[in-house]
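The values are calculated or read from the model by the stated rules, or taken from the named source; none is laboratory data. From a predicted model like this one, the values you see are computed outputs, not experimental measurements. Ideal geometry is used to build each Cβ from the backbone, glycine not excepted, and the neighbour counts take in all protein chains shown. SASA here: full protein model, heavy atoms, side chains in, ligands and nucleic acids out. Shrake-Rupley method; radii C 1.70, N 1.55, O 1.52, S 1.80 Å.
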Amino acid sequence: MNKLFTPSAYNNVLIWLISIICLPISRLLALFKFTPNFITSLSLVLMILSSFFLINGNSLLFMITFICSLFLDFCDGQVARILNKSNKTKFRFDHFTDTIKISIIYITFGILFNDYYSWIFFFVSYTLFFFNTY
């Protein structure tokens, strides 16, 4: 079993495929000594930008920034394993920013659809997700 992949990569073909794609990127980021938290922060910034592009109708830039954000979300864990940097505190920055990114997605679709029932659906979905992850 490759130590650079999470165990879930071996149970899910899509996660395994994305992990394979991200591995060279992760090695390059580790070579340039990018910290996992910096990569996580960059992923968050790209998610914010992708939401901005979606709301403003720029589909191409939305797709590019959204996919880059997702790839960086995979890379941060791989870089942490490559650099052997584990989190010593109970605060999990990656998990926290993932929750923020999901909130951004829900808010973006709420703004995009501008519908009362959409907002209720997004709020309830997010609340259920949030309480099931902490």
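Cα extents for the chain along the principal axes, largest to smallest and rounded to whole angstrom: 47, 33, 28. Summing Cβ point charges (Lys, Arg +1; Asp, Glu -1) relative to the Cα centre of the chain gives a dipole of roughly 620 debye. The residues of the chain expose on average 66 square angstrom of accessible surface per residue, using a 1.4 Å probe on protein heavy atoms. For the stretch 19-100, the share of accessible area belonging to carbon and sulfur comes to 73 percent (1.4 Å probe, ligands and nucleic acids excluded).
If R0 is taken as 30 Å, the Cβ-Cβ distance between Trp119 and Ile15 corresponds to a FRET efficiency of 0.45.
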